[in-house]
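The values are calculated or read from the model by the stated rules, or taken from the named source; none is laboratory data. A quick note: this is a predicted structure, and the numbers were derived from the prediction, not measured. Neighbour counts are summed over all protein chains in view; Cβ atoms, including those assigned to glycine, are modelled from backbone coordinates with ideal geometry. Ligands, DNA and RNA are stripped out before the accessible areas are found, and what is left, the full protein with its side chains, is counted by its heavy atoms. Shrake-Rupley method; radii C 1.70, N 1.55, O 1.52, S 1.80 Å.
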Amino acid sequence: MVKTFKSIFFYTGAFALCVPPLFVFIWMILTGLKTGIQNISYPPEFLFTPTLENFRAVFQQYNFFRYLLNSLIIATLATAISLVLGLPAAYSIAKYRQNKIGIIILIARMTPFVSYLLPWYIIFRYLKLIDTYSALTITHLIITMPMVIWLMVSFFESMPSELEDAAMIDGCSRWQSFLLIVLPLVRNGIATAAIMSFIFSWNQFLFSLILSGPKTKTVPVAVYNFISYGKIDWAGIGAAATLIVLPVSIFAFFVRKSIVQGLTMGALKD
Amino acid sequence: MANVILKNLIKRYGSVTAVDNLNIEIRDREFAVLVGPSGCGKTTALRMIAGLETVTSGDIYIGDTLVNDMAPKDRDIAMVFQNYALYPHMNVRDNLGFGLKMRKFSKTEIDRRVQEAADILGIHDLLERKPKELSGGQRQRVAVGRAIVRKPKVFLFDEPLSNLDAKLRVAMRAEISKLHRRLGATIVYVTHDQVEAMTMADRIFIMHNGTLQQSGMPLDVYNKPANRFVAGFIGSPAMNFIETRLVREKDTWFIASEGFKVRLPEAFYPRVEPYADRPVIFGVRPEDMEEHDPATGSDSGNTLTVQAEVVETLGFEVFVYLTCGPHALVARMEVPKHPLTVGQTLEVDLKMAQIHLFDRETSQTIV
């Protein structure tokens, strides 16, 4: 009896949580498959002949491949740099209990991003870095790096310190014990941190809007440009948004197990 | 192989002194056991020898080399940890060979040494397994194996048996002793278990509150404890202590307390003289008490009238928990001919040659 109640609660809860985002998601895909007229008709049409015309148009009219490539380069660079710098940082915070530094990093992450925009624009213009991969990658680090650090700190904290002691006695320097013993043991966490960084960087809109230009425009900004003074190309937006979300979603679907593991495992000591 | 010397060794964490002016000389090929209750500084001392903790002041020599500022990897030591600290992502073979690989040994030499260690420890069948697929005792063997493949100057053991169950602990105890003889190595072994210390050590070093209390061969420490702490720590069940006064009646010395009065042997007189009419702590080991036999025992002033509270029968001997006036005592005796019952009054003799007296203020041994 209790069991039935529990599962009823569970499925009601799961349903309530999943329906709103799924609804928006499906609406987005449908928008991409309809023509412009169908999209603005009222009441909305649910039975229609789908068209792939919008997807073709996105690539032909808007140079979408270029934007996808830009996003890919920036997200990859941001993720790689966050890992290279963030993993040792997280290790150091965990190992030497540098909680203050940890908090400062968290504050940087929690500051409303809008407050960065003006100073950054001025600085990057002065440095002549507007519309470069460097500017976008550097700014994305403010999102990805704290995520890597805060996710990994709990992983490093749950590592028994005797393992490193043993490694140091076995002939490792501190760096070698970090690289050969510690990192392989937290690879689940690293995978999670990498995936999350990539997704957050891929989806980042605000910084890219201000600091990118014709050469480095990322996909979220490109979609924004579908809204022009005179008209809003809903069908194009739907198709482009689908194209943006699709690779990340498919990817996340395949690695969901290690994401869940990574997000929960560091917290529990076995 | 090498000796290990700790000279005026001090370790402070902020205002806490973990190790206080420790002076120890461990000889070449000696099995030295540092023993003491938890928090006595023994593990800190061991970690300083290993180089895992920095030294606040003092010197550590391994062989004739001052190693204070040497990295752990350069000290030529191996260490076995309490939780084994096997690398979870490597199989047993790689765990054993890791230290050699880091030191750039050739692959054939690594294989040879791993085989040799596996032979000694009987872990051939486990070489391809991961640590999580091993039982506690097997992990323990691998941890020891990882130390012996390196053929270091000094082996350090940090409570290596405390995660094993009682039976396995006894077996591994014997095995480590055997290994010590076979390797002829210098071993520094840390434990809080005085039985391990007594059974394995060539010499034991008893620590308390960061300071060395006494060192010596196990039996010497057992028979001639330097102070009350050592007396109470070594031996199981622990020594009985009673607060008493030294009383002189005519030319005879007694130690007396409520419901308790025994005559001291004459040999002790010169040493107790200065303590006349002062409180002293009287100590007697449980095995130095026996049931009074009226047939043989003429009254030599060493008989107590006591009551049995609890009787624990172990088969060949019994532990009897006694009360003597307000004092509680434990006696370890042969199984009595007539079974003891709870509440029964009986007489016990103390073996007066084996008793101990301690200064109440300084806790130092008087006799």
### At R0 = 35 Å, FRET efficiency that the Cβ-Cβ distance of residue B:162 and residue B:7 yields, to 0.05
0.75
### Task
Measure off 7 Å from each Cα along the Cα-to-Cβ vector at residue B:353 and residue A:176, then give the distance between these two points in nanometres to one decimal.
5.9 nm
### Task
Out of all DSSP beta bridges with both ends in the protein assembly as shown, state the antiparallel percent to the nearest 5.
80 percent
### Task
Calculate for chain B the 222 nm mean residue ellipticity that helices alone would give, adding -39,500 (n - 2.57) per DSSP H run of length 4 or more and normalising by residue count, nearest 500 deg cm²/dmol.
-7000 deg cm²/dmol
### Summary
Using the Cα gyration tensor of region B:294-361, the equivalent ellipsoid's semi-axes, largest first and to the nearest Å, work out to 21, 16, 13
### Query
Tell me, what does the Kirkwood hydrodynamic radius of region B:263-307 come to in angstroms if you use every pair of distinct C-alpha atoms?
13.1 Å
### Task
Using only Cα atoms, find the angle between the long axis of helix B:166-183 and the longest principal axis of chain B, and express it within 0 to 90 degrees, rounded to the nearest 10.
60 degrees
### Summary
With the dipole of region B:256-367 defined by +1 on each Lys or Arg Cβ and -1 on each Asp or Glu Cβ, the option from B:318, B:305, B:283 whose Cα lies farthest towards the positive pole is B:283
### Task
Go through A:147, A:222, A:242 and say which Cα lies farthest out towards the positive end of the charge dipole of region A:140-242; charges sit on Cβ, +1 for Lys and Arg, -1 for Asp and Glu.
A:222
### Query
Semi-axes, largest first, in whole Å: what does sqrt of 5 times each Cα gyration tensor eigenvalue give for region B:114-191?
18, 17, 11
### Under 19 Å from the residue A:118 label point (7 Å along Cα→beta-carbon), backbone N, region A:135-164
none
### Summary
Long-range alpha-carbon pairs in the protein assembly as shown, meaning those over 46 Å apart, account in percent for 46 percent
### Task
Could you tell me which of rounded, prolate or oblate describes region A:1-66, using a ≥ b ≥ c as the square roots of the eigenvalues of the alpha-carbon gyration tensor, with rounded for a/c under 1.5 and, failing that, prolate when a/b is larger than b/c and oblate otherwise?
prolate
### Query
Which links in B:224/B:351; B:73/B:101; B:7/B:73; B:224/B:250 stretch past 18 Å when you go from one Cα to the other?
B:7/B:73; B:224/B:250
### Sequence-separation-based contact order of chain B, relative, with Cα cut under 8 Å and 6+ spacing, percent
16 percent
### Task
With a point put 7 Å past each Cα toward its Cβ, work out how far residue A:41 is from residue A:253 in nm, to one decimal.
2.9 nm
### Message
Please give the charge dipole size of the protein assembly as shown, origin at the Cα centre, charges +1 on K and R Cβ atoms and -1 on D and E Cβ atoms. Round to the nearest 20 debye.
### Response
3380 debye
### Globularity index of chain B, i.e. its alpha-carbon radius of gyration over 2.2 N^0.38 Å
1.20
### Extended-chain gain in nm, criterion 0.36 nm per residue less alpha-carbon gap, residue B:66 and residue B:151
28.6 nm
### Task
Report the calculated FRET efficiency for residue B:316 and residue B:174 (r = Cβ-Cβ distance, R0 = 22 Å), to the nearest 0.05.
0.60
### Summary
Placing each pseudo-label 7 Å from Cα in the direction of the beta carbon, residue B:220 and residue A:51 end up separated by a distance in nanometres of 10.2 nm
### Message
Against the empirical 2.2 N^0.38 Å scaling, what ratio does the C-alpha Rg of region A:162-244 come to?
### Response
1.88
### Task
Set the Förster distance to 35 Å, then compute FRET efficiency between residue A:108 and residue B:57 from the Cβ-Cβ distance, nearest 0.05.
0.30
### Query
Where only protein heavy atoms count, and the probe is 1.4 Å, what is the accessible area per residue for region A:60-264 in Å²?
49 Å²
## Note on the structure
With 0.36 nm assigned to each residue of separation and the Cα-Cα distance removed, residue B:89 to residue B:250 gains 50.3 nm
### Summary
Projecting the Cα atoms of B:80, B:70, B:124 onto the charge dipole of region B:16-157, where Lys and Arg contribute +1 and Asp and Glu -1 at Cβ, the residue farthest towards the positive end is B:124
### Message
Under the rule a/c < 1.5 gives rounded, and otherwise a/b versus b/c splits prolate from oblate, where does region B:209-367 land using the Cα gyration tensor?
### Response
oblate
